[in-house]
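To keep things clear, I will list the structure first and then write my remarks on it.
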Amino acid sequence: MGVSVTEQPLIELDGVEKVFDVRRKTGFLKRERRQVRAVDSLSFTVARGEMVGYIGPNGAGKSTTIKMLTGILTPSAGRLRVAGIDPSRERTRLAHRIGVVFGQRTTLWWDLPLIDSYRLMHRMYRIPDARYRENLDRCVELLELGDLLESPVRQLSLGQRMRGDIAAALLHDPEVLYLDEPTIGLDVISKAKVRGFLKELNAELGTTVLLTTHDLQDIEQLCSRVMVIDHGRLMYDGALAGLHEVGESERTLVVDLERELPPVDVAPARVVKVEGPRQWLAFPAGESAAALVARIAAEYPLADLSVREPDIEDVIARMYAGAVPGRSEKAVS
Ligand SMILES: Nc1ncnc2c1ncn2[C@@H]1O[C@H](COP(=O)(O)OP(=O)(O)O)[C@@H](O)[C@H]1O
Ligand SMILES: [Mg+2]
């Protein structure tokens with residue numbers, strides 16, 4: 001079946017807002033009421049099969065957006081649809097069509113063996129037996145859960161638990177998977193496993209993925225499109241490469257020389273910090289690290305070297321330093 005041109009976006013937000021009423025104790029009997037605008041006139045669409053990175057500084061409104069997309073939170077204003085469903089009105093019906101993973105907390109039963117959580121979900125979601133088996137087998141194989149199924153969840157490492165959570169979110173064949181910081185705190189190997197799995201999920205099954213992360217490599221390896229939000233507003237929507245340009249972001253080369261030397265001089269890199277024989281060189285993200293490394297190695301006694309990718313916080317900080325209208329007066333906790 002071909003994709004029709006008129007196909008509706010899978011996710012649609014139009015002028016969505018979320019305002020929280022916050023009461024704060026300011027004295028013995030005094031309380032101050034304040035409103036926090038966590039999401040502010042947010043509009044975007046995501047087409048079926050897309051894999052989109054959703055990034056922004058802490059408190060930007062990412063988790064609030066995801067909670068509205070699952071129906072956990074109701075928007076204060078605006079229109080929101082996922083697979084044609086209004087999430088907060090028909091949360092249960094939507095639950096059969098979406099999967100969600102919050103990196104900071106688990107949906108698995110802490111004291112039960114992993115497999116028991118899956119069996120419970122099998123019944124809760126009334127997943128047909130054949131489909132349950134097929135999805136479980138697939139996740140167990142690709143997420144390497146085979147040896148973990150009989151272990152109580154509380155005994156799993158963070159990386160193992162995260163893989164277990166991702167499988168749990170996929171047993172009912174959701175059309176869209178929301179991931180809120182799925183790689184936070186994971187070791188390099190676990191991150192690679194999670195990324196490899198998500199890539200395959202999207203390529204093979206066409207599952208739409210919306211991914212919130214602080215790890216720029218998650219985005220680089222998975223997402224052709226990235227949305228940046230700051231103070232609840234969409235600030236950028238496009239390719240990651242474009243974000244680098246807009247943000248004029250820099251990467252850092254950490255150079256260990258064989259001895260203390262004057263600052264390394266290889267334009268366009270510039271030394272930003274020196275500590276004994278170690279020097280930190282900032283260079284434009286678009287520049288080839290390999291070419292710079294080759295030049296340094298040719299001209300200096302090099303003992304060791306590593307490249308640090310720009311942190312998303314840095315990229316965003318540079319991108320919007322002072323440039324966002326009204327950001328200073330906005331109440332943000
Ligand atoms: N339940 C809540 N009550 C009051 N304020 C909240 C609540 N949830 C989030 N906020 C506030 O809304 C803003 C956005 O939060 P959040 O969506 O969690 O950001 P992010 O996930 O991007 O770090 C923050 O200022 C946060 O303190
Ligand atoms: Mg969050």
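Below is a table of values for the structure above.
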{"read-out": "Count - residues of the stretch 73-94 that are in contact with a helix residue (DSSP H, G or I) (Cβ under 8 Å, 6 or more places away or on another chain) and either more than 10 Å from ligand 1 (Cβ to nearest atom) or of a type in the set (Phe, Trp, Tyr) (or both)", "value": "10"}
{"read-out": "Where Leu29 falls short, out of the listed (1) farther than 26 Å from Arg91 by Cβ; (2) surrounded by 13 or more Cβ atoms within 10 Å (Cβ to Cβ)", "value": "(2)"}
{"read-out": "Matching strands (runs of 3 or more DSSP E) fully within the stretch 6-122 where at least 1 residues are within 16 Å of ligand 2 (Cβ to nearest atom)", "value": "11-25, 31-46, 51-55, 98-102"}
{"read-out": "Scope the stretch 123-174; condition over 25 Å from the mean Cα position of the chain (by Cα), within 20 Å of Leu201 (Cα to Cα) and assigned to a helix (DSSP H, G or I); matching residues", "value": "Ala130, Arg131, Tyr132, Arg133, Glu134, Asp137, Gly146"}
{"read-out": "Top-ranked residue in the stretch 262-306 [being of a type in the set (D, E, K, R) and assigned to a loop (DSSP other than H, G, I, E, B); ranked as nearest to Leu240 (Cα to Cα)]", "value": "Glu287"}
{"read-out": "Matching entry among Tyr178, Tyr125, Tyr132, Tyr118 (being within 16 Å of ligand 1 (Cβ to nearest atom), touching a residue at least 12 places away in the same chain (Cβ under 8 Å), of a type in the set (Ser, Thr, Tyr) and assigned by TED's automatic domain parsing to the domain that holds Arg81)", "value": "Tyr178"}
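The values are calculated or read from the model by the stated rules, or taken from the named source; none is laboratory data. Predicted model, so just to flag it, every value in this text is computed and none were measured. Virtual Cβ from ideal backbone geometry, glycine too; neighbours counted across all protein chains shown.
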